[in-house]
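Peer 1: Structure incoming, see below.
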Amino acid sequence: MVALRCTKKLLSRIGLPSTVTEPSTTVLGDWFANLIYVGRQRFILLVSERSRLPVLLPGRDVKNLANNLPEALSRVLLGLGISPFIVKGEVGEMHEAVIAKTNNRSVLGTLNDFAIMLDYRLGGEPYADLVDVALWLSDVPVGPLGYDTPGEVARRLFSLRP
């Protein structure tokens, strides 16, 4: 089970959140999501709570966010060099998703920082591959991670997995 913690802006398009009482069972934990605009294009930016690993989706199909995230995440994890067997296990844990409100201001700060960087990157390259852009963001040092990168933290989290 995975909790998708959406901002108010995104919840207004998805619908009412549920009340989540149990934590996500995935290695990367809860996912925080926000709807962002770059020029006339709309994207959904998602960030893992535990690693701050970003995933970027087109903003057209907001209602199917829970269905679209696993495939996009698997492409990002494979791009980081994580074993397909481990990726399959992580994505398999996401078969059940719960939409909830955000609850961590630090992760929201990371979402905002990444949104600013995306405005720069996608503003100059509007048709860039979203997996490549997510991998680019995964190499950015993040303050709450002790200035480690989300990609390295994700690799460490998966290497600790039994």
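Values quoted throughout were computed directly from the atomic coordinates according to the rules given, and no laboratory measurement underlies them. These numbers were taken from a predicted model, which means no experiment stands behind them. As a convention, Cβ positions derive from the backbone with ideal geometry for all residues, glycine included, and neighbour counts pool all protein chains shown.
Peer 1: Report relative contact order for the chain in percent, whole number only (criteria: Cα-Cα under 8 Å, sequence separation at least 6).
Peer 2: Across the chain, relative contact order equals 29 percent.
Peer 1: Right, next: Could you check what % of the DSSP bridge pairs in the chain are antiparallel, to the nearest 5?
Peer 2: Counting DSSP beta bridges with both partners in the chain, the antiparallel share is about 65 percent.
Peer 1: Return the loop-located chymotrypsin sites (Phe, Trp or Tyr not before Pro) in region 82-162 (DSSP other than H, G, I, E, B) with at most 12 other Cβ atoms within 10 Å of their own Cβ; answer none if there are none.
Peer 2: Loop-located and lightly packed - Tyr127, Tyr147.
Peer 1: Would you mind getting me the FRET efficiency between Tyr147 and Met117? Use the beta-carbon distance for r and R0 = 22 Å, nearest 0.05.
Peer 2: Working: r = 15 Å, r/R0 = 0.70.
Once the sixth-power term is evaluated, E becomes 0.90.
Peer 1: Any idea how far the Cα center of region 1-63 sits from the one of region 72-109, in Å?
Peer 2: Region 1-63 and region 72-109 have Cα centres spaced 10 Å from each other.
Peer 1: Loop-only check: which chymotrypsin sites (Phe, Trp or Tyr not before Pro) in region 1-50 are DSSP coil with at most 16 other Cβ within 10 angstrom?
Peer 2: Answer in residue order: no site qualifies.
Peer 1: Further question: How large is the translational diffusion coefficient of region 2-144 in µm² per second when you combine the Kirkwood radius over alpha carbon pairs with Stokes-Einstein at 4 °C and 1.567 mPa s?
Peer 2: Working: Rh = 15.1 Å.
Diffusion coefficient, whole number: 86 µm²/s.
Peer 1: I've got another one for you. Given +1 on the Cβ of Lys and Arg, -1 on the Cβ of Asp and Glu, and no further charges, what dipole in debye does the chain carry about its Cα centre, rounded to the nearest 20?
Peer 2: Dipole size: approximately 440 debye.
Peer 1: Report the longest stretch of the chain that contains none of the trypsin sites (Lys or Arg not before Pro) sitting in a DSSP loop with at most 13 other Cβ atoms within 10 Å.
Peer 2: 61-162
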